Structure formats: structure tokens, C-alpha cells
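Working notes, structure below.
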Amino acid sequence: MRLRPQDPMRTKATDSGVEDGWHGARIGAETRDRARRAETRIHTGIDIGEPGRATVTIAFLALTLAATIIEFATFGTSPTTSELSRSGGAGVGVVATGAWWKLLASNLLHANVLHVAMNAFVIYLTGRWLEHLAGRAIMVATILWSAIAAGVFGILVDTPSVSIGASGVAFGIVGCAIAIDPRARTATGLIARQLGVVNVVITFIAPGISIGGHLGGLAAGLAVGALAWSRTRRDDDHPVGRPRRAAAATLVAAWIPFAAIAVAGPSVLPGDLAHARGTLTASLLERQLSGATLSSGLKIDTASCTATSDLLVYDCDLDGRRGTVTFSTRDDQWSLATAR
């Protein structure tokens, strides 16, 4: 028990000439108390206090649920790939048409009720603790950049499909928490590490998972955590460090030009970048069709592209046979026709 300076027991000890002994006992008690608190914090991995109101986390979940409800009301609870692509799914058509807004919108759409429920659970569980520990600015930066990374890497890695879902953002939140607290000394780090291990394993063993979207979101979250967090201890409430507010604000501001390009569409790109976009489209289609036809001999002639409002038509060569590849930019569907 700690005693106040005016406590009568201290007065009695002073009058009895044992002042030095009193101070020694008091210092010893305080030292033991600090050691107990430090041990509890390290071994139980519990943050001081409850996460409280997670404004950013709840706002993102509300936006996601609203978009998903509209999607299900329009297409049903099991929309087709074509319907998902038209409503905002990220596929090769994003590159072909410059519909960059789909990189963001794809994070708000889901394939079914279980899909949205699982993502919402992980985001709420991990997000509210991360927001409590790191602050709103870091949370906003994590959501924005992991959403972009999930869309981009989903297209580059998972070309045979249309990528959708907030799981990239969920992985980004987990990644940011791990970057901030890699030794899991807080509830934030402990929860993130456990969910991270489970979800990475599921990513590689479960069918129909966007590996690129998950790993892209995770990488973005790790980067935000590394850039926007200082390991300098601020106080006992934050034993793992403190946020770099200026860095977090910069990461949020740096996202604005991308958002402007996403809204403006392909018209803002100079000619060289537009040509590169066409080349990348052909490359992605070539890889996608090679996997679908089980042939590594498919070559698409990029220069032969004929474009209409909804279609891209390329000349191609499949194992010595000439043909054409037709790609619908409206719903990310393709067809291959070769000479007999």
C-alpha cells in the first residue's frame, strides 16, 4: 500500500528516527509495483484501456455495407462475374479502359453474404484496436493505400478473375498493426498477429481467393505502419512507440492525386502512358488466355488492336495458328478464335 506524505504512520516513523528506513521501504514498494505493471503489460499483451469509439473504422464499415446492400439489391446475393465487373470489380478492363475508380470501388463489393461478414468481422476486431493505438490519421492512410494496393495487385496477379472485397483493407490493417507492434506487446499486435497467420494460410489453401489483393493490402499496411510510426516511447500507455502525425498526414494527402486521376479517367494520361496502358492490357490478356488454354505459345500482337466503345480486338498467334482475341471492357469477358 502506498502512503501519502501526511499519513500519520509516516509522521510516527519520522518521530521515531527511522526516516531513512521509511524512504527505503516506500521506494522498494514503488519499484515492485512498477515491475508488476510492466510484467502484466508484456506477458498478457493487453493495452491500457478499452479501444473506445473507432470513428474511422465504423465509417469505412458503414460505407462497405451500404455499397454491398445496393449491390445485392441490384444483382442478388450471388452476382455473376460480369455483373461484378460492371458494378465496380477490378479486372483487366480497369487497365484497358482507364477506369481507375474500380481500384477503389472493388473494395466495397462482395461475392456473397459470408464474404462481407468475414471481412467486416476482421476489420472491426482489428481496426478498432489499431485506431485506438495509432490514431485516426494512420487508420485513414492504412485504409486508403491498402485499398489501392489490393486493387492493383489483384489485377496484376489474379488476371483470370475480377477482384472484389474488403479483405485487402483487412490485411492492410493487420499489416499496419504488425509493423507498429511486431513483438505483440499490446492487444493490437496480439490480435493482428493471430489473425494475420490464420488469414495468410487461408489465402494460399482456399480456392477463389485473390492472392494478389490480400498480399498487396498486407504490404501497403506494413509500409504505412513503418513510415507513420516512431518507436520512441511516449509514455506507459504506448509502450511500443508513438505516431508520426506529420508522416501520417502526408500519406493521406499523397492519396489525393490518385483519387483525382481515378475520377478523371484515362483522358488525363499523356500519350506515352496511354500506349503503355495498351501494352500492359495485351500482356495481362496474354497471360490470362495462356492459363485458360493451357498453352504457353499464345502471342498477342499489341499493335494490331482495334478498339470500339466496349470491345478490344487483337490479332494473335496460338501455337502457329493465326487468330483473334476479343475482349469486352464492359464486363471483363474475352473470347479466342483461331483458324482451323
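The values are calculated or read from the model by the stated rules, or taken from the named source; none is laboratory data. This one's a predicted model, so the numbers in the text were calculated from it and none came from an experiment. Quick reminder, even Gly has a Cβ in these numbers, built from the backbone with ideal geometry, and neighbours come from all protein chains shown.
Within the stretch 94-118, take every residue that is assigned to a loop (DSSP other than H, G, I, E, B) and under 16 Å from the mean Cα position of the chain (by Cα) and give me the one that is surrounded by the most Cβ atoms within 10 Å (Cβ to Cβ). Among residues in the stretch 94-118 that are assigned to a loop (DSSP other than H, G, I, E, B) and under 16 Å from the mean Cα position of the chain (by Cα), the one surrounded by the most Cβ atoms within 10 Å (Cβ to Cβ) is Leu109. Considering the conditions (1) under 15 Å from the mean Cα position of the chain (by Cα); (2) farther than 18 Å from Ala219 by Cβ, Gly175 is excluded by exactly one of them, (2).
May I ask you to verify whether Gly91 is within 22 Å of the chain's Cα centre (by Cα), at pLDDT below 90 and more than 30 Å from Ile138 (Cβ to Cβ)?
Numbers: within 22 Å of the chain's Cα centre (by Cα): yes; at pLDDT below 90: yes; more than 30 Å from Ile138 (Cβ to Cβ): yes.
Yes; evaluated as a whole, the condition is true for this residue.
Give Leu103, Leu114 a once-over and let me know the one that is among the aliphatic types (A, V, I, L, M), at negative phi and touching a residue at least 40 places away in the same chain (Cβ under 8 Å). Show your work before the answer.
Values: Leu114 fails: touching a residue at least 40 places away in the same chain (Cβ under 8 Å).
Result of the check over Leu103, Leu114: Leu103.
Residues are listed down the side, and each one gets a yes or a no for (1) within 28 Å of the chain's Cα centre (by Cα); (2) at pLDDT 75 or above; (3) exposed (fewer than 13 other Cβ atoms within 10 Å of the Cβ); (4) part of a helix (DSSP H, G or I):
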{"residue": "Ala262", "(1), (2), (3), (4)": "yes, no, no, yes"}
{"residue": "Arg277", "(1), (2), (3), (4)": "yes, no, no, yes"}
{"residue": "Ala282", "(1), (2), (3), (4)": "yes, yes, no, yes"}
{"residue": "Arg287", "(1), (2), (3), (4)": "yes, no, no, yes"}
{"residue": "Lys299", "(1), (2), (3), (4)": "no, yes, no, no"}
{"residue": "Ala303", "(1), (2), (3), (4)": "no, no, yes, no"}
{"residue": "Cys316", "(1), (2), (3), (4)": "no, yes, no, no"}
{"residue": "Thr326", "(1), (2), (3), (4)": "no, yes, no, no"}
{"residue": "Trp334", "(1), (2), (3), (4)": "no, no, no, no"}
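Of the residues making up the stretch 182-203, those that are in contact with a Leu (Cβ under 8 Å, 6 or more places away or on another chain) and in a loop (DSSP other than H, G, I, E, B) are Ala184, Thr186.
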